[in-house]
Amino acid sequence: MTSEKTPGQPNPSFTPRSGSRISHFTRRSMLGLTGLAVAGATLGAWPRLTGADIPGRGSKALNIAILGTAADAAARQGLVQAFTAAHPDIPVQVQAIQGADWKDFFSKILTMVAAGTPPDVVYVATEGAQLFADKLAEPLDDYVRRDAADMSDYFDDVHPSLLEAFMYQGSLYQLPLDWNAANMYLNTTTFAQAGLDRPKDDWTQDDFSATLRALRKARPADFTPYYWTNRLFGGVVPWLYANDTSFLTESKASGGDWLWDRFYPKDPARATRGGGYQWLAPNAEDARVVETFDYLRELVAEGLGVRPESGGGNALVGLFANNRIGTTPAGGYWAQGLHEAGMTADQFDVQFFPRWRTQRHQFGAAGYAIMRTAKDKDAAWEWVKFCSSREAMQLAIPKPNTTPTRRSMVNESFYAATGPRHWKVFYDTLDRFPTSGPIPAPPQQAAVETALMKNVSAAVSGSSAGVRTAMGTLQRDLELALRRNA
């Protein structure tokens with residue numbers, strides 16, 4: 001059935017299909033596994049994708065696109081079967097699209113759109129959320145309002161900051177299903193060798209520096225006290241947030257009261273909620289941005305931190321498990337990764353990111369977006385709604401390869417087989433630090449991240465004076481990036 005309604009307006013004659021179940025929520029994290037990296041891509045650089053590459057082209061089934069392999073699609077069959085049992089009149093097909101990272105995935109989705117063969121629903125991470133909201137995705141506002149009674153269990157269980165990350169110009173475009181903050185992982189073996197205990201919750205930037213020096217003294221060779229990568233997640237951005245700044249100016253759009261007043265009236269941060277984050281101008285030459293880059297430059301110069309290279313953090317798991325890394329920023333997805341690498345629950349731990357001027361954290365999330373071109377938006381909403389249920393989420397996230405957005409799922413039994421001991425840090429990040437915010441990802445995010453990555457290495461590799469030069473170059477690159485497709 002093809003919907004004839006105006007985009008964003010649910011069919012007024014539509015009623016939820018029989019068997020709809022909505023008390024539990026779904027999500028399987030690709031965030032950590034793909035490194036959450038999105039580099040710049042132009043139309044001319046998009047991989048060529050033809051009709052022959054698209055499984056089920058012409059099918060009446062609801063086509064769900066995910067980043068991954070055929071094995072990843074097969075792993076979702078339990079979820080598909082549960083949905084089919086509740087909605088036998090909605091056939092579903094999960095289409096895995098392989099890509100090196102989110103950039104690759106989004107590029108292929110855009111190619112499919114240009115070819116006239118777009119999927120109906122796409123699993124989108126924070127990096128692409130505003131790109132999709134601006135050009136490709138259907139707002140969920142009217143669906144959420146209509147099914148508010150069904151959706152209350154979901155919103156009661158999910159932190160409002162995660163929803164705000166998927167607001168755009170006053171409308172909600174995705175229901176976040178999994179997320180990860182940039183917390184600090186600690187190799188307890190190397191900490192013990194240096195005579196260090198787990199840091200306090202309110203440890204500072206100076207405490208962090210002292211910790212790295214103690215780790216270096218205990219392990220003078222073949223060891224990196226602090227490992228970080230040149231990307232948005234876990235790169236320089238967490239330090240910028242901690243220093244109460246960012247390389248882009250941050251503001252919030254108006255609107256969103258319909259969501260906050262209905263579902264989060266008692267939110268302690270209600271007065272600060274808006275209609276979605278905005279990153280409208282570069283801020284690279286801000287004094288605190290320069291200060292932050294200079295701090296990281298000093299860590300590199302002192303041999304306490306690695307000179308970051310581009311890309312994700314997949315190689316770090318093995319290095320960390322072999323006690324060659326002391327600390328690194330990562331999210332809840334690392335719990336399963338380190339477990340599979342052979343680490344026991346007492347060989348690693350996690351702590352909040354160190355405090356500087358603030359202890360604001362960075363996070364990324366993901367959820368399903370309904371495409372404006374979807375064949376049947378009502379059916380697509382039923383998929384999104386079902387995947388926000390506890391039943392679906394438990395099927396989608398049976399082990400901690402990500403952090404579930406449902407607070408009730410982040411519990412002791414979830415981490416019993418893997419650790420870490422202080423797993424409460426993951427969700428406490430939002431509760432303890434409510435100003436924590438998403439990765440800075442405007443609709444031009446791909447070009448923005450390319451500009452950032454281009455200048456990070458230069459900024460942290462030379463002199464203090466070189467930092468200011470690099471930030472001037474970054475400022476100009478960001479100005480160009482933000483004008484692209486504006």
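General remarks:
- Members of segment 76-95 that are open to solvent by 20 Å² or more (accessible area, probe 1.4 Å) and either of a type in the set (S, T, N, Q) or free of Cβ contacts under 8 Å to residues at least 12 places away in the same chain (or both): Gln77, Gln81, Thr84, Gln93
- Check on Tyr154, open to solvent by 10 Å² or more (accessible area, probe 1.4 Å), among the aromatic types (Phe, Trp, Tyr) and farther than 21 Å from His361 by Cα: no
- Residue in segment 467-478 that is in contact (Cβ under 8 Å) with a residue 40 or more places away in the chain, within 22 Å of Lys252 (Cβ to Cβ) and not in a helix (DSSP H, G or I) present: no
- Inspection of segment 367-387 finds a residue satisfying the criterion of being at pLDDT 95 or above, open to solvent by less than 60 Å² (accessible area, probe 1.4 Å), small (Gly, Ala, Ser) and assigned to a loop (DSSP other than H, G, I, E, B).
- Odd one out for Glu412, checked against (1) touching a Leu at 6+ places or on another chain (Cβ under 8 Å); (2) closer than 26 Å to Asn187 by Cα; (3) acidic (Asp, Glu): (1)
- Scanning segment 322-342 for residues that are touching a residue at least 24 places away in the same chain (Cβ under 8 Å) and not in a helix (DSSP H, G or I) yields Asn323, Arg324, Ile325, Gly326, Thr327, Thr328, Pro329, Ala330, Gly331, Gly332, Ala341.
- Any hit, segment 440-449, residues being of a type outside the set (Val, Ile, Thr) and in contact with a strand residue (DSSP E or B) (Cβ under 7 Å, 6 or more places away or on another chain): yes
- Restricting Arg219, Arg198 to residues that are touching a Leu at 6+ places or on another chain (Cβ under 7 Å), on the phi < 0 side of the Ramachandran plot and open to solvent by 10 Å² or more (accessible area, probe 1.4 Å) narrows the list to Arg198.
- Boolean, Arg297 is surrounded by fewer than 16 Cβ atoms within 10 Å (Cβ to Cβ), modelled with pLDDT of 95 or more and in a helix (DSSP H, G or I): no
- Cβ-Cβ contacts under 9 Å between residues 6 or more apart (or on different chains), taken from a first residue in segment 188-205 that is free of Cβ contacts under 8 Å to residues at least 12 places away in the same chain to a second residue that is outside any helix (DSSP H, G or I), are listed as Lys200/Gln351.
- Checking Ser209 against (1) under 24 Å from His339 (Cβ atoms); (2) modelled with pLDDT of 95 or more, the condition it does not meet: (1)
- For Arg357: the one exception among (1) modelled with pLDDT of 95 or more; (2) farther than 28 Å from Ala451 by Cβ; (3) open to solvent by 10 Å² or more (accessible area, probe 1.4 Å): (2)
- Among (1) over 18 Å from Pro442 (Cα atoms); (2) crowded, with 23+ Cβ neighbours inside 10 Å; (3) within 23 Å of the chain's Cα centre (by Cα), the one test that Gln98 misses: (2)
- Within segment 403-461, the set of residues being open to solvent by less than 10 Å² (accessible area, probe 1.4 Å), farther than 26 Å from Leu280 by Cα and part of a loop (DSSP other than H, G, I, E, B) comprises Thr405, Thr418, Gly419, Pro420.
- Residue in segment 303-310 that is of a type in the set (A, V, I, L, M), at pLDDT 95 or above and in a loop (DSSP other than H, G, I, E, B) present: yes
- Those residues of segment 76-97 which are in a helix (DSSP H, G or I) and within 11 Å of Trp383 (Cβ to Cβ), in sequence order: Leu79, Val80, Phe83, Thr84, Ala86
- Subset of segment 214-240 (residues that are closer than 18 Å to Asn323 by Cβ and among the charged types (D, E, K, R)): Arg216, Lys217, Arg219, Asp222
- Qualifying positions in segment 187-241 - in contact with an Asp or Glu (Cβ under 8 Å, 6 or more places away or on another chain), under 25 Å from Glu309 (Cβ atoms) and of a type in the set (S, T, N, Q): Thr229, Asn230
- Of the helices (runs of 4 or more DSSP H) contained entirely in segment 141-260, those carrying at least 1 residues that are farther than 30 Å from Ser389 by Cβ fall at 188-193, 205-218, 237-242.
The values are calculated or read from the model by the stated rules, or taken from the named source; none is laboratory data. What you see is a predicted model, and the numbers here were worked out from it, not measured in a lab. Don't worry about glycine lacking a Cβ; one is built from the backbone with ideal geometry, like all the others, and counts go over all protein chains shown. Calculation scope for accessible area: heavy atoms of the full protein, side chains included, ligands and nucleic acids excluded. Shrake-Rupley method; radii C 1.70, N 1.55, O 1.52, S 1.80 Å.
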